[in-house]
1. Considering each of B:VAL298, B:VAL322 in turn, give the residue that is of a type in the set (Val, Ile, Thr) and over 30 Å from A:THR127 (Cβ atoms).
2. Let me spell it out: the conditions are (1) in a strand (DSSP E or B); (2) more than 16 Å from A:ARG73 (Cβ to Cβ), and A:ASP156 meets all of them except one. Which number is the exception?
3. Could you tell me whether any residue of the range B:216-226 is more than 25 Å from B:LEU106 (Cα to Cα) and small (Gly, Ala, Ser)?
4. Can you find a residue that is part of a strand (DSSP E or B), surrounded by 24 or more Cβ atoms within 10 Å (Cβ to Cβ) and more than 9 Å from chain A (Cβ to nearest Cβ) anywhere in the range B:181-189?
5. Can B:PRO200 be described as at pLDDT 95 or above, surrounded by fewer than 24 Cβ atoms within 10 Å (Cβ to Cβ) and either on the phi < 0 side of the Ramachandran plot or assigned to a loop (DSSP other than H, G, I, E, B) (or both)?
6. Would you mind stating whether A:ASP144 is at positive phi and under 17 Å from the mean Cα position of the chain (by Cα)?
7. Taking B:LEU244 as the residue in question, decide whether it is modelled with pLDDT under 95, surrounded by 14 or more Cβ atoms within 10 Å (Cβ to Cβ) and over 20 Å from the mean Cα position of the chain (by Cα).
Amino acid sequence: MNQAPGRPGRPERAASRLRLFPLLALLAAFAAGHELAGQDARPPKPIFRAELRSLAAGQRPSVVLIESRGRERRTGGLRRDLFRLPEAGAIGTSVEKGVGVIVGPDGIVLTSAAVVPFENPTILIWTARGRFPARLLACDPSVDACLLKILEPTPDKAEPWPIAKLHETKDSKDSEDSKVVGEGLALVWGDPFGAGRDGRPSVSLGLLSGPIQPAARDIVYPHSVLTVDAAINPGGYGGPVFDAEGRLVGIVAPLVLSERSDSLLRVVLPVKPTLAGLRQRLAAPSAWLGVLVAPDPGVAQGPDRRPPGLLVTGVQPSSPAELAGLRTGDSIRSVGQDVVTTPDQLAERLSREAIGAEVVLTVRRDGAVKILPVTLGRRP
Amino acid sequence: MVELRPRPSFEVLALLILIIGLLAFGRTGLEAEDRGPRSLARAFERRIITASTIATPTVVSIRRPVRPSKRGLPSRAGGSGVLIRSQFVLTNDHVVQRGERFEVILSDGRSVPGVVWARDPVGDLALVKIGTRGLKPAIIGDSESAQIGDPVIAVGNALGLAMENGEPATSFGIISATERYQGGTRTYGDALQFDAAVNPGNSGGGLFDLEGRLLGITGRISVRGRRSRSVGVGFAVPAHQIALVLDRLLEGQDIVRGFLGVRFDRDAPGPGVRVIHVLPGSPADSGDLRPGDLLLEVDGRRVDHPMRLQNALSILPAGTKVTFRLKRGLETIEREAVLAPQRRRQP
């Protein structure tokens, strides 16, 4: 009808279009294949990003930064300080920083003892809700973990805290607390080098392995632990470790294997047995002696010859130690039958005793050996 | 009737070819969704390889021209750079601070001369013009919407190993934190913190997303002990901060950072930041900021912590007009200030 000369009629056009169709289909399929393989100019759909983002965002509210101040360092605990060895009884106020995770809706925080290594520490906690003071509830020197409680200005009006989802072992065979399921992706939270000066922690990705029983520096854990290869640095103590399903697996407690080579065993304390141990201590606090001690290397030769021991650098007033007659300058040789040469050994030995138990201390004073019976008390 | 016959056969043929085509070329992408976790891991691996393949040609190695040394020792680790335009390489200022002329080694191994074109010493950025044409620059990514957990790769001349054949190394990690402030003579005001390994020689290299787009320039690492090596804490100048100064750098202008002239309460936890002092005659003074003002937003970005305010201001070059939303008494008002040149010691 109104067709321009030279243009094909309707049937011919349809046919030619159809002839082109297979070619177009092939091209489309080719393009689709290339796009999915990620080589097209158009950016491919992000992979794995949404998952990691949502994991991190889901964990973030339960992660807190902790700062503690104190004058006297607690004796005992395992010596697994990453970058600095604690001095028992050091003089002057010092500060420690680290990370923790909220495990109870009433603001109970799990962290490493290295973050709160002081007697009567002053603690501040940065949460997603702001900054709060906190109180030390209990520590377990056998694994160096502590529980804190966030103190709110109006506890009765307080909203429940966002808690971390705990890793529960599924298999009934693994239900013992000593068993730990490991392996897989891990997100590890920390505050490396205090980079989060606005109170925000950071996160690092790694792989979990284990369970293992590390045999390093005569440190023995009461249960097996995990390891992780994510970045762990000063400020990372107590950092919560989450698995690929966003469940809290444990907290960071790194071990230095060799200070010269700076090689680390990045130990993760599994959350279930660690919490169980702490709850036990909350119910029944460990026995208390009340001394500050430092290792006394001893002198092998000369008139002052003496074997290694633990030098008492301070005796707390009205403590069982004072009542038993222990004095600053004494050197503790043994508790009962067990020789002690480090503050850790003393704490570990005392943690095995009940409150009210009587132990016999062998003490060297002015070159003479004294036997002092002590009735252990409850920490005030 | 007869002439209509070819139609169905064409349709069948078309369908067949479509199916064959999809089977032949479309399979790779479908695997991830259809074939369980192992294939997802494979798809993820392929994505990292692809991102690295896209990013690597845009990353160069930078070193000072080799001078024959008496002892014949190799030169130091040098640095890295990212092609931001076909003739321009963006790097860290600290990589090129000790000279004007450098040797730029492209990822294909070619060595071309480079001249420092413009600098941003405080922001630790510098632009090097290179004597070759037609190179494909990096695709710029959206660093502002980067979030904690995002997978990333760092590409650069790690430990100077790329000097041999120009081929940079790739390491993998995630974004550990955003909006990090790292002070010093070189200020990283709005840095991306990541855990991919970056070592000496990586400076000036690129941090890319898994689509191969540039998220930032990897410039600074935290180190443990005395040795300068990766401990999984790296900082990158983000692409959106680079965008603030790139045009000026391309014009050959050096960048001077901005100065506002307020002192604020550093200890008070937010929300908002309290102004405690305004320097007379400063941009803050002319912009009618007053002691006691509670700053809520800077250019639409919420400042809920003093560090965030410092963070937001430190990345802005002199001459930038900044809009503040603030609370004065009971009123919430807006004020503007034009940042003056910072008179601080340049690195």
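1. Working: B:VAL298 fails: over 30 Å from A:THR127 (Cβ atoms).
The conditions single out B:VAL322.
2. The single condition A:ASP156 does not satisfy is (1).
3. Initially, the range B:216-226 is screened for residues more than 25 Å from B:LEU106 (Cα to Cα), giving B:222-226.
Next, only the ones that are small (Gly, Ala, Ser) stay: B:222, B:225.
So far as the range B:216-226 goes, yes, one or more of its residues are more than 25 Å from B:LEU106 (Cα to Cα) and small (Gly, Ala, Ser).
4. Scanning the range B:181-189, I find at least one residue that is part of a strand (DSSP E or B), surrounded by 24 or more Cβ atoms within 10 Å (Cβ to Cβ) and more than 9 Å from chain A (Cβ to nearest Cβ), so the answer is yes.
5. Values: at pLDDT 95 or above: no; surrounded by fewer than 24 Cβ atoms within 10 Å (Cβ to Cβ): yes; either on the phi < 0 side of the Ramachandran plot or assigned to a loop (DSSP other than H, G, I, E, B) (or both): yes.
Here the answer is no, as B:PRO200 does not meet what is asked.
6. Yes: the conditions hold for A:ASP144.
7. Working: modelled with pLDDT under 95: yes; surrounded by 14 or more Cβ atoms within 10 Å (Cβ to Cβ): yes; over 20 Å from the mean Cα position of the chain (by Cα): no.
So B:LEU244 does not fit the description; no.
Yes/no matrix, rows are residues, columns are (1) within 14 Å of chain A (Cβ to nearest Cβ); (2) modelled with pLDDT of 65 or more; (3) over 19 Å from B:GLU164 (Cα atoms):
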residue: B:GLU31; (1), (2), (3): yes, no, yes
residue: B:LYS70; (1), (2), (3): no, no, yes
residue: B:ILE84; (1), (2), (3): no, yes, yes
residue: B:HIS94; (1), (2), (3): no, yes, yes
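The values are calculated or read from the model by the stated rules, or taken from the named source; none is laboratory data. Fair warning: this is a prediction, and the values are worked out from it, not measured in the lab. As a convention, Cβ positions derive from the backbone with ideal geometry for all residues, glycine included, and neighbour counts pool all protein chains shown.
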